[in-house]
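Since the structure comes first, as structure tokens, the remarks are kept for the end.
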């Protein structure tokens, strides 16, 4: 989800909810403690220099049960961050503390924002020698036995 998309969704909500990949909700008394711009420059395993920019939100739980972050307040925080930090309309990455700090993608199901698990990947598969994944087929789908005239149980194999 891009920054412009979360702002559009927030304008239609009365409350904000974040759902973890396991279906549990982030406690309602969370705070957004950071909105930032992360610039990542790196070289992939194929030698290609790459640059990525993401907008980072950090969610934090406090023992503050009296205050809830309302959609219009989060929009205000986002708009201030856009102005001060020059945030682009980039993909959002959400940090949230579980056993360790987790980084999640963000989606929306019409009611809640969904924290989506992120996976690592090879960006240069064509250059670093990782074989293409072969399609899986069932032995029962093989027609070789019939093409050479050998049937199971016929004794020719």
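Listed highest first by mean packing, meaning other Cβ atoms within 10 Å per residue, what order do 39-52, 20-33 come in?
Sorting 39-52, 20-33 by mean packing, highest first, produces 20-33, 39-52.
Compute the FRET efficiency between residue 112 and residue 61 as 1/(1 + (r/R0)^6), taking r as their Cβ-Cβ distance and R0 = 25 Å, and round to the nearest 0.05.
Step by step, r from the Cβ atoms, then E = 0.90.
Give the calculated FRET efficiency between residue 29 and residue 83 to the nearest 0.05, with a Förster radius of 30 Å applied to their Cβ-Cβ distance.
0.60
Calculate, in whole percent, how much of the Cα-Cα pair population of the chain lies beyond 27 Å.
For the chain, the fraction of Cα-Cα distances above 27 Å is 45 percent.
Please give the contour-minus-distance gain from residue 125 to residue 41: 0.36 nm per residue of separation, less the Cα-Cα distance, rounded to one decimal in nm.
28.3 nm
To the nearest 0.05, what FRET efficiency results for residue 72 and residue 5 with a Förster distance of 22 Å applied to their C-beta separation?
That gives a FRET efficiency of 0.85.
Quick check for you: which residues of the stretch 61-79 have the amide N under 16 Å from the point 7 Å beyond the Cα of residue 97 toward its beta carbon?
Answer for this model: 61-65.
Quick note: the coordinates plus some simple rules give every number you see, no bench work behind them. Only a predicted model underlies this, so the values are computations on that prediction, with no experimental measurement involved. Reconstructed Cβ throughout: ideal geometry from the backbone, glycine too, with neighbour counts over all protein chains shown.
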